Amino acid sequence: MGEALVLLGAVGTLALCAAVFDAVLAVPGGGAGEPLRRVARLLLQQRRRTRLADTLLVRTGVCGLLAVAVLAGAVLPLGERPVAEMAVGVVWFNAMEVGAWGALWLVGWGVNSVYPLVGGYRFVAQGLAYELPHMFALITVALGAGSLRFADVVAAQRGLWFAVWMPVAFAVYLVSAVAMAFWGPMDGPVSDDICGGVPAELSGPDRLVFQAGRYALLVVVAAAAVPLFLGGGAGPLLPPWLWTALKTVAVLALLVWSGRVLPTVRMDLFTRLSWLVLIPATLLQLLVVSVVVL
Amino acid sequence: MRDVAFWVLAVVAVAGGVAVFRVGSMARATFALLGSLVAVGLALLLLGLEYLGYVIILMMVMEMLVMAVFMVMYMMNPAGLMPMRMTHNARWAASVAGAVFVLLATGTFLLPEPVRHGRPPADPTRALGLAIMGPKMLVMMIIGVAILATMVSSVVLSVNRRHPGRGC
Amino acid sequence: MGLSGWLAGFAAACPRPMVVTAPHGTRSRLLVEAELSRRGWRHAHAPSGTGLLVVCGTPADALSRAVEMVWTTVPAPGELVRLRGDAPPERVAAALDEAVVRLARPRSPGTDTGERTDVPMADRGPDRDGLTLDRLRVPLGPVLPDWPAGLVVETVLQGDVIQRARVEVAGGLGGERFWDAPWLAALEGREVTRGEAARRLAASHLDSLGRLLAVAGWPGASARARRLRDRLLWERQDQWVRRDFPGFARAVRRSRTLKWVLRDLPAARDPAPGGLVRRVGTWLDRTGLALRDLDDGRPLDDDEGPRGPVGGEPSRGLLAVLPELVTGADLAAARLVVAGLDPDLDQLRGARDG
């Protein structure tokens with residue numbers, strides 16, 4: 001119970017930090033207060049409804065996005081122990097994070113409007129492109145650790161971080177992380193060229209919960225990189241929870257920053273990249289790791 | 001506790017299955033089916049088969065969305081614009097489904113109940129892998145990679161054919 | 001007051017404005033964008049995400065109806081600010097200040113508003129693979145972020161692929177051609193220096209670059225282009241612009257991701273090598289050259305405006321090739337192609353008002 005509260009608090013705090021960092025990057029020299037003002041504005045804002053919307057599906061999607069993000073975070077070690085210790089935590093993480101596909105698609109379809117629908121399309125296409133390389137990256141980690149339990153994965157990196165001896169898997173994980181959270185170079189599903197895409201018709205509390213879910217997902221995928229590739233809470237002097245927090249913040253800052261410095265990658269190009277480069281590259285990485293482990 | 005969980009999941013699974021045919025839009029039908037399948041995945045957790053349970057959830061979410069893409073999204077009428085019936089050829093389908101149900105239900109009563117031999121393994125995921133693939137592990141892995149290589153190469157070929165003159 | 005009153009005041013300081021521009025409203029759009037960037041207000045990209053709708057210029061019938069429709073979809077609390085095409089900078093700032101004061105007034109939030117009318121039902125037709133699929137008639141514009149003022153592209157979509165496209169114009173009242181003004185004035189016999197024309201030319205290309213980079217989803221570079229444009233056009237900080245521009249140009253030219261994203265997209269009817277990548281390079285080259293001539297005091301004696309000879313209405317040509325270039329493209333590619341053409345509808349005099 002206590003750990004669940006810690007998880008919610010940590011995800012909430014980091015999500016706000018990510019929003020503030022993004023606002024500061026967007027408006028240099030100011031803008032730090034913008035996210036909180038935006039929360040206030042959305043709290044007061046009226047909820048709008050589109051014609052013939054499927055409200056049940058939209059609400060399911062809006063709340064579902066936040067829910068899958070938090071559930072995916074439940075297996076991540078917050079220091080030494082996660083909220084939910086699972087023998088197959090990596091598979092759980094993967095299953096929950098795929099739930100975001102459903103959430104986005106439901107919102108995009110349900111509001112009955114063209115641009116959200118196109119955004120929903122784009123996310124499923126993006127999902128089909130990033131998911132296989134992402135799974136291979138996770139499998140590589142599991143193979144290196146000989147376990148699907150996050151605690152074992154962390155323990156297996158006591159000598160050397162997986163980021164160092166599986167660099168391809170780490171790089172692919174980072175790409176799939178931004179793709180999963182539809183952020184930065186992978187923000188096609190919510191990009192400005194289609195009026196904000198999936199959440200284009202959401203207003204007030206609906207938009208607030210959707211954005212909260214998006215930032216929570218970004219935080220959780222950044223946090224997952226720590227036990228998977230960066231040695232978890234291991235580090236000199238400081239306690240594990242603090243190392244976990246510091247490493248998470250570093251990965252999160254990198255992901256947020258990527259959104260400012262990289263253009264959005266068109267979906268047809270990313271699909272090609274994924275099938276022609278990322279999948280073969282992760283397979284080779286898997287082969288190398290298999291040989292070393294054997 | 002486990003009994004309660006089982007019955008709740010069983011009811012959700014069946015209710016989701018029924019809902020597939022009662023709702024008026026393909027989107028709702030798709031997600032009713034997904035709810036039903038997720039309940040089945042969670043029911044596997046009661047057997048201690050965590051890996052299988054989560055993989056079922058993972059695969060079903062992806063499959064339902066691929067289905068949504070192919071079945072629903074090529075129709076550009078989102079949301080509940082046009083209510084439609086989710087049943088086709090209802091009488092024939094119902095009789096086939098009824099017959100299959102009777103067959104399976106009879107089977108469960110006629111076959112002897114399985115008895116547990118030995119103890120549950122410490123790591124059911126590992127035991128499952130060995131039970132399914134056993135000594136053919138290497139062959140299975142190679143076939144898996146070969147299938148994937150085939151997929152990748154077919155993508156390579158189709159990409160070039162679709163955009164003649166454009167490199168990749 | 002109470003909590004909601006305090007929240008309203010707190011929220012009003014960042015209203016996420018959405019800017020709509022009518023043809024001949026370019027000057028006030030530029031002033032508004034400069035003022036918003038000075039205040040650090042980020043733009044909204046959809047009516048439902050905004051608290052402040054800013055209309056620049058005076059829309060004629062079709063655009064006026066479109067603005068009215070968009071306004072009905074802005075959720076409360078929201079404010080509408082209308083600025084004439086010739087509004088001076090003080091008026092722009094004052095109008096935004098007044099809107100903030102009105103937004104800060106506490107009020108009871110309403111519930112669901114009126115429903116919006118939406119696109120018609122889909123019909124069917126063959127797609128590019130020969131399958132019979134649903135298709136939808138969707139107008140792109142006239143109210144769309146980072147989109148040429150007054151442009152409407154009536155499309156038939158299958159999925160997000162454009163099967164057919166037709167250009168319409170939603171006009172505005174007035175006649176100012178902001179980007180062509182120095183050359184037009186020179187043609188009329190008034191005295192204009194080459195430096196003034198060079199300033200307008202560089203600012204125009206920076207504006208086009210800012211738009212294309214925004215559509216390409218590169219907010220950092222887009223904001224930098226627009227900052228350069230504002231400093232050049234309104235603040236006249238020529239030294240600062242000359243210092244900052246080369247770094248910006250280098251960053252854009254060197255970006256491999258941008259080249260990859262723009263690759264294979266056409267910038268003209270003839271598939272010239274390079275396409276949009278080359279267009280970006282040309283804009284950067286011409287801006288760099290123009291920045292050298294800012295102090296040229298000689299009188300202007302040519303008619304080569306930012307988009308070509310100002311007498312020839314070059315944007316008409318751009319609009320003529322547009323449907324062909326976007327047909328068969330998906331929405332993402334089509335948006336980039338339109339931003340790469342960047343027609344200036346201020347140039348169309350007596351344009352049809354669909």
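Listed here are the residues, each with its yes/no results for (1) away from chain A (no Cβ under 12 Å); (2) crowded, with 18+ Cβ neighbours inside 10 Å; (3) part of a loop (DSSP other than H, G, I, E, B); (4) without any contact (Cβ under 8 Å) to a residue 12 or more places away in the chain.
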| residue | (1), (2), (3), (4) |
| --- | --- |
| B:Ala13 | yes, yes, no, no |
| B:Val18 | yes, no, no, yes |
| B:Phe21 | yes, no, no, no |
| B:Ala43 | yes, yes, no, no |
| B:Gly53 | no, yes, no, no |
| B:Ile57 | no, yes, no, no |
| B:Met64 | no, yes, no, no |
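Residue under question is C:Gly340, and the condition is that it be over 21 Å from the mean Cα position of the chain (by Cα), within 23 Å of C:Ala214 (Cα to Cα) and modelled with pLDDT of 90 or more; does it hold?
So C:Gly340 does not fit the description; no.
In the set C:Arg16, C:Arg82, which member is closer than 22 Å to A:Ala23 by Cβ and either at pLDDT 90 or above or facing chain A (nearest Cβ under 10 Å) (or both)?
Working: C:Arg82 fails: closer than 22 Å to A:Ala23 by Cβ.
C:Arg16 is the lone residue from the list that is closer than 22 Å to A:Ala23 by Cβ and either at pLDDT 90 or above or facing chain A (nearest Cβ under 10 Å) (or both).
With the checklist (1) polar (S, T, N, Q); (2) away from chain A (no Cβ under 14 Å); (3) over 30 Å from A:Arg51 (Cβ atoms) in hand, flag the one item C:Thr58 doesn't pass.
Status for C:Thr58: all satisfied but (3).
Output yes when any residue across region C:198-211 is modelled with pLDDT under 95 and part of a loop (DSSP other than H, G, I, E, B), and no when none is.
no
Across region A:101-146, what is the number of residues that are free of Cβ contacts under 8 Å to residues at least 24 places away in the same chain and more than 8 Å from every other protein chain (Cβ to nearest Cβ)?
1
Provide a single number: the residues in region A:274-286 that are surrounded by fewer than 23 Cβ atoms within 10 Å (Cβ to Cβ) and either within 13 Å of A:Ala179 (Cα to Cα) or touching a Lys or Arg at 6+ places or on another chain (Cβ under 8 Å) (or both).
Final tally of qualifying residues: 0.
Quick grid of which residues meet (1) within 18 Å of A:Met96 (Cα to Cα); (2) of a type outside the set (A, V, I, L, M, F, W, C):
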site: A:Ser176; (1), (2): yes, yes
site: A:Asp192; (1), (2): no, yes
site: A:Arg207; (1), (2): no, yes
site: A:Tyr215; (1), (2): yes, yes
site: A:Leu218; (1), (2): yes, no
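Would it be correct to say that C:Ala87 is of a type in the set (A, V, I, L, M, F, W, C) and modelled with pLDDT under 90?
The answer is yes for C:Ala87.
Taking only region A:161-208 into account, find how many residues are facing another protein chain (nearest Cβ under 8 Å), part of a loop (DSSP other than H, G, I, E, B) and on the phi > 0 side of the Ramachandran plot.
Selection size over region A:161-208: 2.
Restricting attention to region B:107-142, which residues are polar (S, T, N, Q) and over 17 Å from A:Gly146 (Cβ atoms)?
If the condition is that a residue be polar (S, T, N, Q) and over 17 Å from A:Gly146 (Cβ atoms), then B:Thr108 is the only one that fits.
What residue, among those in region C:90-107 that are small (Gly, Ala, Ser), at pLDDT 85 or above and more than 22 Å from the chain's Cα centre (by Cα), is nearest to C:Leu233 (Cα to Cα)?
Step by step, filter region C:90-107, then rank; the result is C:Ala94.
Would you check if A:Ser290 is at negative phi, among the hydroxyl-bearing types (Ser, Thr, Tyr) and modelled with pLDDT of 90 or more?
Here the answer is no, as A:Ser290 does not meet what is asked.
With the requirement that a residue be closer than 18 Å to A:Ala72 by Cα and of a type in the set (D, E, K, R), what does region A:110-160 give you?
Listed by number, the residues that qualify are A:Glu131, A:Arg149, A:Asp152.
Looking for whichever is in contact with a helix residue (DSSP H, G or I) (Cβ under 7 Å, 6 or more places away or on another chain) and within 14 Å of chain A (Cβ to nearest Cβ) here; the options are C:Ala339, C:Ala333, C:Ala267, C:Ala290. Which one fits?
Details: C:Ala333 fails: in contact with a helix residue (DSSP H, G or I) (Cβ under 7 Å, 6 or more places away or on another chain); C:Ala267 fails: within 14 Å of chain A (Cβ to nearest Cβ); C:Ala290 fails: within 14 Å of chain A (Cβ to nearest Cβ).
Unique residue meeting the criteria: C:Ala339.
Any residue at all in region A:27-34 that's more than 9 Å from every other protein chain (Cβ to nearest Cβ) and closer than 29 Å to C:Leu3 by Cα?
Taking every residue of region A:27-34 in turn, at least one turns out to be more than 9 Å from every other protein chain (Cβ to nearest Cβ) and closer than 29 Å to C:Leu3 by Cα.
Listed residues C:Leu7, C:Leu31, C:Leu53; which is part of a helix (DSSP H, G or I) and either surrounded by 24 or more Cβ atoms within 10 Å (Cβ to Cβ) or within 14 Å of chain A (Cβ to nearest Cβ) (or both)?
The unique qualifying residue is C:Leu7.
Residue check: is A:Glu3 more than 11 Å from every other protein chain (Cβ to nearest Cβ), assigned to a helix (DSSP H, G or I), touching a Leu at 6+ places or on another chain (Cβ under 8 Å) and among the acidic types (Asp, Glu)?
Criteria met by A:Glu3.
The values are calculated or read from the model by the stated rules, or taken from the named source; none is laboratory data. Keep in mind the model is a prediction, meaning the values are calculated, not measured. Positions of Cβ are generated from backbone atoms using ideal geometry, with glycine treated the same way; all protein chains shown enter the neighbour counts.
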